[in-house]
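Only one structure is covered here, and it is reproduced in the block below.
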Amino acid sequence: MRRATVTMLAAAVLAACSSDGGGGVGAGSVTVGNNFFSPATVNPDANGDVTWTWSSGGTLHNVTWEDLTPGSGDQGSGTYTRDFTGAPPGGTVIRYRCSLHSVDFNAGMVGQVVIP
Ligand SMILES: [Cu+2]
């Protein structure tokens, strides 16, 4: 009984890790929820793109870049894609936030793209 429980827990942990690509870092896609981005850290996909998909029931959110690249503007649905082709590799961190639900890039509705 005890051994069976441990095995089931291990399987659940492995499933949770694999569902987002491992380690909580996604590749190429981010869900825009109500007051969060998921995953909060994402790598571009093989084409260098990251796409944000709104799942907020019509509530407005935006993607606003610390590097001043034009962002999504306020959206309540739909998608927004940024191409990171040519961004410096090696762990470069490019931060963003929803300007409606954060006061800076450190807390609140914030996220980051990491260029591997
Ligand atoms: Cu927001």
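Provide the per-residue ³J(HN,Hα) series for the stretch 100-113, in order, calculated from phi with Karplus coefficients 6.51, -1.76, 1.60 and θ = phi - 60°, each as a whole number of Hz, with x at glycine and proline positions.
The phi angles translate into 7, 10, 7, 10, 7, 8, 9, 8, x, 8, 10, x, 8, 9 Hz.
Return the long-range amide H neighbours of F37 (sequence gap of 5 or more, or a different chain), with a cut-off of under 5 Å between placed amide H atoms.
V110
Kindly write out, for the stretch 69-79 in residue order, the coupling ³J(HN,Hα) from the Karplus curve 6.51 cos²θ - 1.76 cosθ + 1.60 (θ = phi - 60°), rounded to whole Hz, with x marking Gly and Pro.
Per residue, the Karplus-derived 3J(HN,Hα) values read 4, x, x, 7, x, 5, 9, x, 6, x, 9 Hz.
Which order do W54, W65 fall in if you start with the one that has the fewest other Cβ atoms within 10 Å?
On the way: W54 20, W65 16.
Lowest to highest Cβ neighbour count: W65, W54.
Give me the net charge of R97's neighbourhood, meaning all other residues with Cβ under 9 Å from the Cβ of R97; Lys, Arg count +1, Asp, Glu -1.
With Lys, Arg at +1 and Asp, Glu at -1, the neighbours total -1.
Can you work out the FRET efficiency for the pair D67 and A46, with r the C-beta to C-beta distance and R0 = 30 Å, to the nearest 0.05? Display every interim value, and only then the final one.
Numbers: r = 22 Å, r/R0 = 0.75.
After rounding, the FRET efficiency stands at 0.85.
Where a number appears in this text, it was derived from the coordinates with a stated rule and is not lab data. Note that the coordinates shown come from a computational prediction; the quantities given were computed from them, not determined experimentally. When we count neighbours, we look across all protein chains shown, and the Cβ atoms used for this are built from the backbone with ideal geometry, even at glycine.
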